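The block underneath contains the structure these notes are about, expressed in structure tokens.
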Amino acid sequence: MLQECVGIQDYLGLNTIPHYTTLQKAAARLEGTILHKILSEFVLYKKVRRVLAGIDGTGFSYSTASSYYYTKRINLRRKFLKIVVCADMNPQLVCTVAIHHDMAHDNPDFLPLLESTSKLVPVDIVLGDMGFDDEGNHVGAKQIGVTAVIPTRFVDVPIWRTRGIHRKEMKRNFPVHLFHQ
């Protein structure tokens, strides 16, 4: 993320980007609140006015073992780091982050990350992948005052069988140009 985020290297005073294993070890030791404070201060420093937010997550394994099978076979404890990020899509600036040390699903972090980002800087639209397709996410985003653009799962299911007003609207009028920019 340090290569993609504009200005973070200069702000942190880094001449070179640390190796990814160094960042993994630091993320394992850091609490989410400290990282959240650092990121929020940087967003305030950059004076971002409006955000086109995107939320997504990824996972990392601490282990260098080559296979899940072998780690299970020798009863090696499998350590895992899950990071869910809310970022501004235009300058690719990370606004808020949630860190978990287990294999958790991304969906429960959608609304808390969106709320903390909207408290930090105004958010117009939030983009998410199919993993965030939930009527509760659409309703929660609307209560905050944000338009959620999330593609629906099960594309072959007809609209009349899709549950939720917002999910049906996404199926009818999905803004492809906005989502796939």
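The values are calculated or read from the model by the stated rules, or taken from the named source; none is laboratory data. Keep in mind the model is a prediction, meaning the values are calculated, not measured. Here the Cβ is made from the backbone with ideal geometry for all residues, glycine too, and neighbour counts use every protein chain on show.
The rows are residues; the columns are (1) surrounded by 13 or more Cβ atoms within 10 Å (Cβ to Cβ); (2) touching a Leu at 6+ places or on another chain (Cβ under 6 Å); (3) at pLDDT 85 or above.
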| position | (1), (2), (3) |
| --- | --- |
| LYS72 | no, no, no |
| ASN75 | no, no, no |
| PHE80 | yes, no, no |
| GLU135 | yes, no, yes |
| HIS138 | yes, no, yes |
| ASP156 | no, no, no |
| ILE159 | no, no, no |
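Residues in the range 44-54: is at least one over 23 Å from GLY145 (Cα atoms), touching a helix residue (DSSP H, G or I) at 6+ places or on another chain (Cβ under 7 Å), part of a helix (DSSP H, G or I) and modelled with pLDDT under 70?
Yes - at least one qualifying residue is present in the range 44-54.
For GLN181, state whether it is of a type in the set (S, T, N, Q) and more than 25 Å from LYS37 (Cβ to Cβ).
yes
Determine whether GLY131 is within 30 Å of LYS25 (Cβ to Cβ) and small (Gly, Ala, Ser).
Judged against the criteria, GLY131 is a match.
May I ask you to list pairs of residues, at least six apart or on different chains, whose Cβ atoms are under 7 Å apart, with the first in the range 105-120 being touching a residue at least 12 places away in the same chain (Cβ under 8 Å) and the second being among the aliphatic types (A, V, I, L, M) and surrounded by fewer than 22 Cβ atoms within 10 Å (Cβ to Cβ)?
LEU114/ILE144; LEU114/VAL146; GLU115/ILE144; SER118/ILE144; SER118/VAL146; LEU120/VAL43
Output the number of residues of the range 103-119 satisfying the condition of being surrounded by fewer than 19 Cβ atoms within 10 Å (Cβ to Cβ) and in contact with a strand residue (DSSP E or B) (Cβ under 6 Å, 6 or more places away or on another chain).
3
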